[in-house]
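The values are calculated or read from the model by the stated rules, or taken from the named source; none is laboratory data. None of these values were measured; they are calculated from a predicted model. Please note: Cβ atoms are built from the backbone with ideal geometry, for glycine as well, and neighbour counts cover all protein chains shown.
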Amino acid sequence: MNSEQISVRATEAGDLDAVVALDGAYSGQSRRGFFTKRHAAMARHPEHFIELVAEVDGRFAGFAAARVLDGEFGTTAPVATLDALGVKQEHAHHGVGAGLMRTLKDIARERGATELRTRVHWQHSDLLGFLAGEGFELAPRVVLERDTESPRF
């Protein structure tokens, strides 16, 4: 990748198919509805969303999607939450993810966010390793969940 140029920009409407395809390659399912709704919400309230695309030599290489929340998680300052991140396999470990995170952190800071948070399945060791390398640490909170099918719901 030494001769290749990595650039990061805001997402555009034409990026949806590439984002959905890459996300689906990682998740094993299409989340087109999720990304379509996000894009619509971002059009209404751009100050609450950060959506980025990374390109290598002008071609789609990855994306990051985050929200800026104010007063969430018991804080009084805005917090950015990384909701989705993906880098094409052929560009993994070549600075694409780091470029996305650097730009995301800069924009979040410009919008007043004092923290960047995310959730990761504990078995996704590659992603956990990447995030640790980006300065993320285990948060002092426990996430609890339950199904809604249980009779005790």
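Worth pointing out:
- Matching residues in the stretch 27-46 - criterion: being surrounded by 15 or more Cβ atoms within 10 Å (Cβ to Cβ) and touching a Gly at 6+ places or on another chain (Cβ under 9 Å): Arg31, Arg32
- Hey, Glu12 exposed (fewer than 12 other Cβ atoms within 10 Å of the Cβ) and either at pLDDT below 95 or among the acidic types (Asp, Glu) (or both) or not: yes
- For the stretch 67-83, filtering for residues that are among the charged types (D, E, K, R) and at pLDDT 90 or above leaves 2.
- Filtered by the rule that a residue be free of Cβ contacts under 8 Å to residues at least 60 places away in the same chain, surrounded by 15 or more Cβ atoms within 10 Å (Cβ to Cβ) and among the polar types (S, T, N, Q), the stretch 103-130 gives a lone residue, Thr118.
- Residue check, Val87 of a type in the set (A, V, I, L, M), farther than 15 Å from Ala10 by Cα and at pLDDT 95 or above: yes
- Among the residues listed as Arg141, Arg109, the single one being out of contact with any strand residue (DSSP E or B) (no Cβ under 7 Å at 6 or more places or on another chain), at pLDDT below 90, farther than 24 Å from Val20 by Cβ and charged (D, E, K, R): Arg141
- Only one of the numbered conditions (1) of a type in the set (Gly, Ala, Ser); (2) surrounded by fewer than 19 Cβ atoms within 10 Å (Cβ to Cβ); (3) farther than 25 Å from Pro140 by Cα; (4) without any contact (Cβ under 8 Å) to a residue 60 or more places away in the chain is not met by Gly95, and that is (4).
- Exactly one residue among Val79, Val56, Val143 is touching a Lys or Arg at 6+ places or on another chain (Cβ under 8 Å), closer than 26 Å to Gly24 by Cβ and among the β-branched types (Val, Ile, Thr), and that residue is Val143.
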